[in-house]
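Scroll down for the structure; my scribbles are underneath it.
The values are calculated or read from the model by the stated rules, or taken from the named source; none is laboratory data. This structure is a prediction, so every number in the text was calculated from the model and none was measured. For neighbour counting, all protein chains shown are included, and Cβ atoms are generated from backbone atoms with ideal geometry for every residue, glycine included.
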Amino acid sequence: MNYQKLIKDCLNGRPDAQRQLYEHFAEGMLAVCYRYTKSMTDAEDVLQEGFIKVFKNLHQYKSEGEFGGWVRRIMVNTALNFLKQNSRYQSDLSFLDNSSMHPVTNDDPEMRMNAKDLAEMIRQLPTGYQTIFNMHAVEGYTHVEIGKLLGINEGTSRSQYSRARTLLITWLKKHSEESKKENYVRP
Amino acid sequence: MSDHDFEKRVKLKMDELRFRPSDAVWQGVERELRKDKPSRRGWLWIPAALLLLCAGGYYAVQQSGDRQHDAASATALNNSSADGSKNSGAVAENRSP
């Protein structure tokens, strides 16, 4: 897709170009928003707000990186602001680091599930773990970057991530064992 | 396998994920975009007002010019009527033998 022409047309206010840009990214970006929130309603709220920011700030895109990555960063930032400002998430958005020790696991579980089921599992994590896990494992933010975006120190981000990762791996192992049992039970 | 393999597999799976948003999402975005867009019709009043002003000014000037012309014409007519009556008297004198 020729993003340059599409962006230029959007900046000129062409409604068909704006719709085309939205249609191109909407499904993938809704998946991003879904991973950070606890309901599809909230995910759609974030998506709507995110796209409004995309169009309002489109003139600032400097073609210095991939356009899809730029859109995605806006969505993630919008999701983070949503979590911070929404009372439903604030109480669970805890980044307390009670110890300097954090669990480490070398387990490498099978991932015998589709993308949606894995996303649902990630969304079961407490909001703080969910957020940091998404940011590091999926979006690729470093713990330094996560610390700056969430207002926590790098060490807290690392320990929260480790706990999230260990918990997720535990669930994946359990899910894998249950899947195997089901296979044994079936004739 | 290294720790990063787990993250890579998670990322690969999450990058596959897609959901179709409801129509209301685009409607909300579009509503906001149209709200910010300045109305083209709003700017028409400036040239329209200028045009009216010019037309009004031209009409006023024309009216003023017409009045002066009428006044001048009236004066000229009065003068020519006065001259005409003297002349007609002289002719009458000439006619009589």
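Residues are listed down the side, and each one gets a yes or a no for (1) more than 30 Å from A:ALA137 (Cα to Cα); (2) at pLDDT below 65; (3) within 55 Å of the chain's Cα centre (by Cα); (4) among the aliphatic types (A, V, I, L, M):
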site: B:ASP5; (1), (2), (3), (4): no, no, no, no
site: B:LYS8; (1), (2), (3), (4): no, no, no, no
site: B:ARG41; (1), (2), (3), (4): yes, yes, yes, no
site: B:GLN62; (1), (2), (3), (4): yes, no, yes, no
site: B:SER81; (1), (2), (3), (4): yes, yes, yes, no
site: B:ARG95; (1), (2), (3), (4): yes, yes, no, no
Name the one entry in A:GLN124, A:GLN160 that is buried (at least 21 other Cβ atoms within 10 Å of the Cβ) and either within 26 Å of B:GLU16 (Cα to Cα) or at pLDDT below 95 (or both). A:GLN160
Residues satisfying the stated conditions in the range B:7-27, i.e. among the charged types (D, E, K, R) and within 7 Å of another protein chain (Cβ to nearest Cβ): B:GLU7, B:ARG9, B:LYS11, B:LYS13, B:GLU16, B:ARG18, B:ARG20
For A:THR78, state whether it is of a type in the set (Ser, Thr, Tyr) and touching a helix residue (DSSP H, G or I) at 6+ places or on another chain (Cβ under 6 Å). yes
Within the range A:64-82, can one find any residue that is in contact with an Asp or Glu (Cβ under 8 Å, 6 or more places away or on another chain), in contact (Cβ under 8 Å) with a residue 40 or more places away in the chain, surrounded by fewer than 21 Cβ atoms within 10 Å (Cβ to Cβ) and more than 12 Å from chain B (Cβ to nearest Cβ)? yes
Pairs, please: C-beta under 6 Å, at least 6 apart or cross-chain, first residue free of Cβ contacts under 8 Å to residues at least 60 places away in the same chain and facing another protein chain (nearest Cβ under 10 Å) and in the range A:118-142, second among the basic types (Lys, Arg) and assigned to a loop (DSSP other than H, G, I, E, B)? none
Hey, can you tell me all the residues within the range B:8-38 that are under 28 Å from A:MET121 (Cα atoms) and among the aliphatic types (A, V, I, L, M)? B:VAL10, B:LEU12, B:MET14, B:LEU17, B:ALA24, B:VAL25
Residues in the range A:45-56: is at least one within 11 Å of another protein chain (Cβ to nearest Cβ), without any contact (Cβ under 8 Å) to a residue 24 or more places away in the chain and closer than 25 Å to A:ASP117 by Cα? yes
